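Input: a single structure, listed below in structure tokens.
Derivation of every value follows stated rules applied to the coordinates shown; laboratory data play no part. Only a predicted model underlies this, so the values are computations on that prediction, with no experimental measurement involved. Cβ atoms come from the backbone with ideal geometry, glycine included; neighbour counts cover every protein chain shown.
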Amino acid sequence: MTHPGAAERAVFPFTAIVGQPLLRRALLLVAIDPRIGGVLVSGPRGTAKSTAARALAVLLPDAPFVTLPLAASLEQLVGTLNIEDVLRDGQLRLAPGLVARAHNGVLYVDEVNLLPDALVDALLDVAASGVNTVERDGISQQHAARFALVGTMNLEEGELRPQLLDRFGLSVLLANPSDPQQRHAILRTRLAFDEDPQALTAVHAAQLRQLSDTLAAARTALPRLAWSDAVLQHAAALALSAGVDGMRADLVMLRAARALAALEGRDAVTTQDVDAVAELALAHRRTVEPPVTRTAPPTSGTAPSANDNTCPRKDQVSSPHAGSPTQSAATPAPDGDWGALPPQPTSTTRVLSTGAWPAKKA
């Protein structure tokens, strides 16, 4: 594992990231098995999206970290063939693109929702297959391009088309940390890194080395792990209950479950592994709401969990002017809300959405 040798090249340690457990798990899984198809990370600014992606590359031995700029062309992404050399001396030469440079590393795409659809489609093809095909004037050439794809976006800046959204293997929806103690830990760790990057990296050196060795062992063990019929049936049942289109969700769940079993050092994939990765594979593909589990309401003054990466559904958000549950429809509006009409009964419509991603249209 390589460590940064200068302050300007320092990378925030992966093991020093506070919170965001789903993000860290998803990144480790796509690093173990790039055929999962990458991970799409959505969330507001300042939620460690790019920090985590850069930190992942340091865990992989001699792994490049390549960033795809928004202004990149298709030729810059996949490369091009120099036909003039063929005509001149009979030699076919490939001008490699960004996917070739990212081989055995991490390819990071910030604001992936702002890229042209054709560019995203080509990128996801290579990420899922691990092979890049370059064609020009009837001549084609292939080369290996296996990398952990990390795409990030802010939903306020637009969304991906459902067809492209489905092509990402896993998805994580981040939220701003709402727990004061967690925000305090994030601030202290970040300030310590800014003041002395080498000192914080040295503190986490042993953990980083252990995690890097664990990833290498998981990659080696991955082909030896198989799926039982019970695991296949469980993944299929979860995909059916989510109402997903096609078979991609099933395959992604199985590959992610196998990567998780390899990461945790087990010699078999279990249904519990499938359950642990299911929402990562289903959240952006789901068309049917998951069953609601009723829990006791939190006591007054209790803050939401800092590790909760889900958002409330629209029908769970109360209006600031809504009456209390015991208030009658005929009860006049309270003093101070002058001119407001009393609440009126109305019908409701079931919304098929998890709140994390817009539901697909039938």
Discussion item. Check which residues have an amide H placed less than 5 Å from V131's amide H, if you skip close sequence neighbours.
Written reply: A145
Discussion item. Once you order the gyration tensor axes a ≥ b ≥ c over the Cα atoms, which shape class does region 159-271 get: rounded for a/c under 1.5, otherwise prolate or oblate by comparing a/b with b/c?
Written reply: oblate
Worksheet item: Rounded, prolate or oblate: which fits region 108-150 when a ≥ b ≥ c are the square roots of the eigenvalues of the alpha-carbon gyration tensor, with rounded for a/c under 1.5 and prolate only if a/b beats b/c?
Response: oblate
Practice prompt. Using the Cα centre as the reference, give the magnitude of the dipole from point charges on the C-beta atoms of region 152-254 (Lys, Arg: +1; Asp, Glu: -1; all else neutral), rounded to the nearest 20 debye.
Written response: 320 debye
Discussion item. How big is the dipole moment of region 38-171 about its Cα centre under a simple scheme where the beta carbon of each Lys and Arg is +1, that of each Asp and Glu is -1, and everything else is neutral? Debye, nearest 20, please.
Written reply: 420 debye
Practice prompt. Measure out, as a whole number of angstrom, how far apart the alpha-carbon centroids of region 138-165 and region 216-263 sit.
Written response: 21 Å
Worksheet item: Restricting to region 90-189, what percent of DSSP beta bridges are antiparallel, rounded to 5?
Response: 55 percent
Response to the item:
For region 221-282 the translational diffusion coefficient, Stokes-Einstein from a Kirkwood Rh over Cα pairs at 25 °C and viscosity 0.890 mPa s, in µm²/s, is roughly 217 µm²/s
Practice prompt. Kindly work out what percent of the DSSP beta bridges joining two residues of region 7-175 are antiparallel, to the nearest 5.
Written response: 35 percent
Fill in: Residues I32, I17, sorted so that the one with the fewest Cβ neighbours within 10 Å comes first
I17, I32
Worksheet, complete the sentence: Between E111 and residues 5 or more places away or on another chain, the pairs with built amide H atoms under 5 Å apart involve T152, M153
Worksheet, complete the sentence: Going fewest to most other Cβ atoms within 10 Å around each Cβ, D166, D62 line up as D62, D166
Discussion item. Just want the ordering: M247, M253, M153, from fewest to most Cβ atoms lying within 10 Å of their own Cβ.
Written reply: M247, M153, M253
Item to complete: Find which of A239, V274, P223 sits farthest along the positive direction of the dipole of region 221-282, computed with +1 on the beta-carbon of Lys and Arg, -1 on that of Asp and Glu, about the Cα centre.
Response: P223
Worksheet item: Can you give the charge dipole size of region 221-282 about its Cα centre, rounded to the nearest 20 debye, using +1 on the beta carbon of Lys and Arg and -1 on the beta carbon of Asp and Glu?
Response: 200 debye
Worksheet item: What is the distance, in nm, between label points placed 7 Å from the Cα along the Cα-to-Cβ direction at S241 and at E156?
Response: 3.5 nm
Worksheet item: Just going by the charge dipole of region 7-175, with Lys and Arg at +1 and Asp and Glu at -1 on Cβ, which of Q163, L40, L68 is farthest out on the positive end?
Response: L40
Item to complete: Apply 1/(1 + (r/R0)^6) to the Cβ-Cβ distance of R266 and Q198, taking R0 = 41 Å, and write down the FRET efficiency to the nearest 0.05.
Response: 0.70
